[in-house]
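To keep things clear, I will list the structure first and then write my remarks on it.
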Amino acid sequence: MPSSAPTFDELMAGCTHSAVHLEMRDQYGVSDESDDFSTWLSTGQRDADPASEYWAPWVDLISQTVARGVVVRRARIISEPVSPYIRYEHAGTDVNIHAGEQVRWLPRRQASTIALPGNDFWLFDDQWVHWNHFTGDGASALHEPSDDPAAVKLCAEAFEAVWTRAIPHDQYEIR
């Protein structure tokens, strides 16, 4: 990766019309949500306050991005019945929507005929892919930006195919 490659924050700040995110794992083990996930597992209560210390930075970032006219969409490919982690994600998605994201869910069995990249990603203005790599247990690993035209094309086509088939958050019922 060239040293001049932009960071995630730079890509989001420079985005002018579209930021899309495709998530394809049934379990993430991201360290900054481990306490909230543990609480949710034991109590069923999730931090869903857009102004909380956990959510406020994301809500601010997305709200500001959307206010600039950028459409922010997130699609999640999930196995059914869903994992406890996906139930946890679903329980907090109203905050993503409050911030200005559009969110859809696609049951994995409906994605079988879609050519998908091997990793989760963000795609900014159909110009930059920001790959999100994870370890086997779901911990965040490497983040890798790329402006490779073939990667951009694959991600753009994959995301649109998923988005077309996916179910809007307010219509998706956890199974």
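With contacts defined as alpha carbon pairs under 8 Å and 6 or more residues apart, what's the relative contact order of the chain in percent?
With pairs under 8 Å counted, the relative contact order is 30 percent.
Can you tell me the dipole magnitude for the chain around its Cα centre, using point charges on the Cβ only (Lys, Arg +1; Asp, Glu -1), in Debye to the nearest 20?
Charge dipole, the chain, about its Cα centre: 700 debye, nearest 20.
What nm distance separates the two modelled labels at R175 and D60, each placed 7 Å from Cα along Cα→Cβ?
Placing both labels 7 Å along Cα→Cβ, they lie 4.1 nm apart.
Going toward the positive end of the dipole of region 8-171, with +1 on Lys and Arg Cβ and -1 on Asp and Glu Cβ, which of T39, S140, L116 do you reach last?
Of the candidates, L116 comes out farthest on the positive side.
What helices does the chain hold that run 18 Å or longer along their axis, going by alpha-carbon atoms, with a Kyte-Doolittle average of 0.0 or more, using DSSP H for the helix calls? List each step's numbers first, then the result.
Numbers: long enough: 84-99 (24 Å, -0.62); 149-165 (24 Å, 0.46).
The answer, listed by residue number, is 149-165.
If you average over every viewing direction, what projected area does the convex hull of the Cα atoms of the chain give, in nm²?
That works out to 10.0 nm², a quarter of the Cα hull's surface.
Any read-out appearing in this document is the output of simple, stated calculations on the displayed coordinates, not a laboratory observation. Nothing here was measured: the structure is a model prediction, and the numbers come from that model. No Cβ is skipped: glycine too gets one built from the backbone with ideal geometry, and neighbour counts run over all protein chains shown.
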